[in-house]
1. On the accessible surface of the stretch 9-115, probed at 1.4 Å, how many percent belong to carbon and sulfur atoms?
2. Once you charge only the Cβ atoms, +1 for Lys and Arg and -1 for Asp and Glu, what is the size of the charge dipole of the chain about its Cα centre, to the nearest 20 debye?
3. Counting alpha carbon pairs within less than 8 Å and at least 6 residues apart, what relative contact order, in whole percent, applies to the stretch 4-115?
4. What three numbers, in Å, describe the spread of the alpha carbons of the chain along their principal axes, ordered from the longest?
Amino acid sequence: QVQLVESGGGLVQAGGSLRLSCSASGSIGRINEMGWYRQAPGKQRELVATMTSGGSTNYANSVKGRFTISRDNAKNTVYLQMNSLKPEDTAVYYCRLAQVTGAYWGQGTQVTVSS
């Protein structure tokens with residue numbers, strides 16, 4: 001089994017920054033993809049950014065240039081640095097790990113951006 005624990009959410013004013021962290025434990029394969037998704041009230045969960053264990057990244061157009069994903073493979077941890085936050089970034093942010101055994105989700109962390 002795989003467990004994911006997120007941290008770093010909170011309340012911030014528009015234009016501010018937050019850094020999310022997600023640590024994975026359990027049966028973690030050497031080859032995997034870790035990333036962040038978000039779900040705002042009344043909306044579907046959407047991709048924010050992902051990063052493979054080989055270093056390839058993928059970003060949603062809405063966050064390009066503002067968010068940066070990074071990871072520490074030795075610690076099985078992925079980070080999301082969020083700058084220039086906007087009220088529309090308000091959502092529950094979920095960490096996800098995908099590997100050959102399946103996809104796993106964290107419990108989510110709330111990010112609220114006030115205008």
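1. 46 percent
2. Values: 11 positive and 6 negative charges, 19 e Å.
Computed charge dipole of the chain: roughly 100 debye.
3. Numbers: 266 pairs, mean separation 41.4, N = 112.
Here the relative contact order equals 37 percent.
4. Rounded to whole Å, the extents work out to 41, 25, 22 Å.
The values are calculated or read from the model by the stated rules, or taken from the named source; none is laboratory data. Since we're looking at a predicted model, the values are computed, not measured. So basically every Cβ, Gly included, is an ideal-geometry build from the backbone, and we count neighbours across all protein chains shown. Accessible surface is based on the protein model in full, side chains and every heavy atom, while ligands, DNA and RNA are left aside. Shrake-Rupley method; radii C 1.70, N 1.55, O 1.52, S 1.80 Å.
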